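A short write-up of the structure that comes next.
The values are calculated or read from the model by the stated rules, or taken from the named source; none is laboratory data. Given the structure is predicted, the values throughout are model-derived calculations rather than measurements. Counting neighbours? That spans all protein chains shown, and the Cβs are built from the backbone with ideal geometry, glycine included.
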Amino acid sequence: MDPSNSPRNDNAAPPQSGSLKADLVMALRFYSRLPSGSAPHERPDLKRIAMALPFASLVIGIGPAAVLFIATVSGMPPLFAALLSLAIFAIVTGAMSEDAVADAADGLFGGATRERRLEILKDSRHGTYGVLAIVFVIGLKAAALSAIAARNPLAAMLVWLAAATLARSASFYLPLTLGQARTDGAAATAGVVSRNAFAIGSVFAALVAFVLAAPFAGILGFVLAIVLGGLTLFAWTRLCDQLVGGVTGDLIGAAQALVEIALLATFMRMIVT
């Protein structure tokens, strides 16, 4: 959760109460490399980002999801189309969640003490755990998306948008419930997420995801996806609390990736079989 194009200098404007458009721009700048206009950069504010995040997620994901649909219907093998769209998604986001997954895997499983885990989390270099985590995350997403695309390319496009939107908003549960594990880093300097902001953002994300995914997975499939995604999020939150006693930006980004996989796995089951 530390994109290279996020404002980091001390001259960045402090967060203020903004319009939905300003909050959307802030979310896009924090989570992607997409052009966002010439307005002055503001210091990221998680409370404002949380409410605009479902809409930003749609903007971020629509291009890669469209590539998945177009590539599949044009005759490309579904697995090739899925990997191609995931590569474009990584370019759009600056491989943000993939980098977070790698750092989280190295940090949580590569250190024996809380202090050592936090030290590894802060290190931008990736070790064996981190590299394997990226491989598994990309592989699992590609497997799920290709399986869905082989059955229904339009379903693959829309349920991916639904899963990504839900997962990104759901990941804010970590900073809502856990304290900061350290005082520096993107998560620590971006403020806190209020319960109201998280609730509003989550409701919008759930409504958007329902409209996109329910026609293909059914109401039962959508509910099962929410349950499995929630259990995954809860388990990851408890693990982070136990191992480092708090949250960092990388742990939030890793939560996003894990919940997205859980949602896609459920949709894959409900749509493909």
Which condition number does Ala81 fail, the rest of (1) farther than 18 Å from Ala262 by Cβ; (2) surrounded by 16 or more Cβ atoms within 10 Å (Cβ to Cβ); (3) in contact with an Asp or Glu (Cβ under 9 Å, 6 or more places away or on another chain) being met? (3)
Within region 22-45, tally of residues that are modelled with pLDDT of 90 or more, under 21 Å from Glu98 (Cβ atoms) and touching a helix residue (DSSP H, G or I) at 6+ places or on another chain (Cβ under 7 Å): 7
Could you grab me the full set of residues in region 37-80 that are among the charged types (D, E, K, R) and touching a residue at least 60 places away in the same chain (Cβ under 8 Å)? Arg43, Asp45, Lys47, Arg48
Within region 31-44, how many residues are within 21 Å of Ile91 (Cβ to Cβ) and either of a type in the set (D, E, K, R) or assigned to a helix (DSSP H, G or I) (or both)? 2
Given the conditions (1) in a helix (DSSP H, G or I); (2) surrounded by fewer than 16 Cβ atoms within 10 Å (Cβ to Cβ); (3) of a type in the set (D, E, K, R), report the number of the one that Arg125 does not fulfil. (1)
Residue by residue through region 45-86, note down the ones that are of a type outside the set (Ser, Thr, Tyr) and not in a helix (DSSP H, G or I). Asp45, Gly75, Met76, Pro77
Residue among Ala262, Ala163, Ala199, Ala213 that alone is hydrophobic (A, V, I, L, M, F, W, C) and touching an Asp or Glu at 6+ places or on another chain (Cβ under 6 Å): Ala163
Does at least one position in region 87-110 carry a residue that is in contact (Cβ under 8 Å) with a residue 60 or more places away in the chain, part of a loop (DSSP other than H, G, I, E, B) and not charged (D, E, K, R)? yes
For a quick check of your reading of the model, give me the residue pairs whose first member lies in region 220-245 and is over 25 Å from Ala112 (Cβ atoms), whose second is hydroxyl-bearing (Ser, Thr, Tyr), with beta-carbon atoms closer than 8 Å and at least 6 apart or on different chains. Gly221/Thr266; Leu224/Thr266; Ala225/Thr266; Leu228/Thr266; Gly229/Thr266; Leu233/Ser171; Leu233/Tyr173
Checking Ala257, Ala209 in turn, the sole residue that is closer than 18 Å to Ala105 by Cα, hydrophobic (A, V, I, L, M, F, W, C) and either assigned to a helix (DSSP H, G or I) or modelled with pLDDT of 95 or more (or both) turns out to be Ala257
Is there any pair linking a residue in region 163-179 that is of a type in the set (Phe, Trp, Tyr) to one that is outside any helix (DSSP H, G or I) and at pLDDT below 95, with Cβ under 8 Å and at least six apart or on different chains, and which? Phe172/Val193
